[in-house]
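Inspection log for the structure reproduced underneath, given as structure tokens.
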Amino acid sequence: MLIRLLPAVAGFMFFIIPLFPPFITLTSVSVPGVSLVPPPIAVALLGLMALIALYGLVLNVTQRGDEVPTLGPLLLWFGAGILSAVLGFDPAAGAVFLAIFGFGIVWHVSVLRYYAVPGFASAVYHAFLLSGILASLAALLMVLTQTPPSQYAIGHGRAIGTFILPGELAGYLIIYLPLALAIARTSHRTTLRALATIGLVCGTPAFLLAFSRAGEVGLAAAIAGLVFAQLQRFRLRSAAAILALAVIAIGFVFNAHHNPSENSTRLSIWQAGLGIVQRFPFTGVGPFVFAKIYPLVRLPDGEPTAFHAHSFLLTTAAETGILGVAAALFAWWRFIVILRDRLRHANSDHALLASAVAAGLLGTWVQGLIDTVSVVIFGLWLPFMAIALSCAKYGLAEA
């Protein structure tokens, strides 16, 4: 029974990723955008995720599957977050997202252990591709109709959709577009190729209309990374050319749909973030406590409020200290080592799929250097690290 339910549960989890951003409304911080999902529905969805996580725990305890070489590092990362919360200024502030991170570890483990189960990969890719199409169409339609007016105004006419901020839509599509391209090129199933092609057609304009500068650099890095991984000759020159063209293009539309005053806000926020790190270097101030501490350390002429440090590494350092940064980097280092080893033994199609997912993850890291995108960290990184490793070993499986 547990195994028979697995494809449906896995498909559901990958389908609802665009609905993860409204979870921010359940925290104690003010929402930096407009949520289209009412808090009661967000609570219900979070409760459903908790039930799915419980199902995943029972499944993994009672059913055999593949090994999970990344579990130890991920648990260390999770433990560093819990320690920082306990020692921080407001342990309850990050409870929701620590719980989601814990769900993500169960999700990651389940993908790695049961990817080859009949129906699993097919459900995952069909659900994820369809979900991306719907999310992109929703974002495009909302921009064209300028609805809801509050979101359109706050976003300066940028595509957002079911996400809270344009950068979140961009981060989601940085993962989505390279994978859709790889599936369109390698899948032997007509429905999957069709969904991937439609996803590219819908997702590309949605990404462009998000006007996310960090996202654009991130997607350029993802494309460059995929080109570098796939080409045999001139790959370094090609990757560098892609990045150079992206930087030039962003230069021409640098302030498109942005308030020019936003250009200097990150500098003051970064300085305040460094101030927090200097004061609390080992375990930080606690997950999701940055917004509460920021007013106490900001510069006199700095941005009045800040939800995070606009950098994944700086936010992690400020909230979880050196221990949190070390744990996060160790988890990623372990993932890279295992992926590199699996790619050495992968055939061309498997390598393309795994490289596409890895390129998307690289792109989100580049985006994360100058922004902190919660849906990427808590909804995309852990499951797609597992997808990359599984693709290198099994490809699309029977999908």
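The values are calculated or read from the model by the stated rules, or taken from the named source; none is laboratory data. Computed from a predicted structure; not experimentally measured. Reconstructed Cβ throughout: ideal geometry from the backbone, glycine too, with neighbour counts over all protein chains shown. Surface areas here come from the heavy atoms of the whole protein model, side chains and all, with no ligands, DNA or RNA. Shrake-Rupley method; radii C 1.70, N 1.55, O 1.52, S 1.80 Å.
Ignoring ligands and nucleic acids, what accessible area does Arg279 show with a 1.4 Å probe (Å², nearest 10)?
140
Any chance you could look up the accessible area of Phe211 with a 1.4 Å probe, heavy atoms only, rounded to 10 Å²?
Its accessible surface works out to 40 Å², give or take rounding.
Largest first, how would Tyr176, Tyr55, Tyr152 line up by accessible area (1.4 Å probe)?
So, going from the largest accessible area down, we get Tyr152, Tyr55, Tyr176.
With a 1.4 Å probe and every protein chain left in place, tell me how much accessible area Val96 has, in Å² to the nearest 10.
The accessible area of Val96 comes to roughly 30 Å².
In debye, nearest 20, what is the charge dipole magnitude of the chain about its Cα centre with +1 on Lys and Arg Cβ and -1 on Asp and Glu Cβ, if you could check?
Details: 20 positive and 13 negative charges, 173 e Å.
Roughly 840 debye for the chain.
Can you tell me the relative contact order of region 231-353? Whole percent, Cα pairs under 8 Å, sequence separation 6 or more.
23
Semi-axes of the equivalent ellipsoid of the chain: what are they in whole Å, largest first, if each equals the square root of 5 times a C-alpha gyration tensor eigenvalue? Present the calculation step by step, with values, prior to reporting the outcome.
Working: eigenvalues 185, 130, 93 Å².
Equivalent ellipsoid of the chain: 30, 26, 22 Å, largest first.
Quick one: with all protein chains in place, what share of the accessible area of the chain is carbon or sulfur, to the nearest percent (1.4 Å probe)?
Numbers: 11790 of 16770 Å².
That share works out to 70 percent.
Average the reciprocal distances over every distinct pair of alpha-carbons in region 77-160, invert the result, and give the Kirkwood radius in Å.
16.4
Ordered by packing density, taken as the mean number of other Cβ atoms within 10 Å over each peptide's residues, highest first, how do 332-340, 312-320, 130-138 rank?
Ranking, from highest mean packing down: 312-320, 130-138, 332-340.
What accessible area per residue, rounded to a whole number of Å², is obtained for the chain using a probe radius of 1.4 Å? Can you show the working numbers first?
Numbers: 16770 Å² over 399 residues.
Normalised by residue count, the accessible surface of the chain is 42 Å².
Mind checking the alpha-carbon convex hull of region 7-79 and giving the volume per residue in Å³?
For region 7-79, the hull spanned by Cα atoms encloses 134 Å³ per residue.
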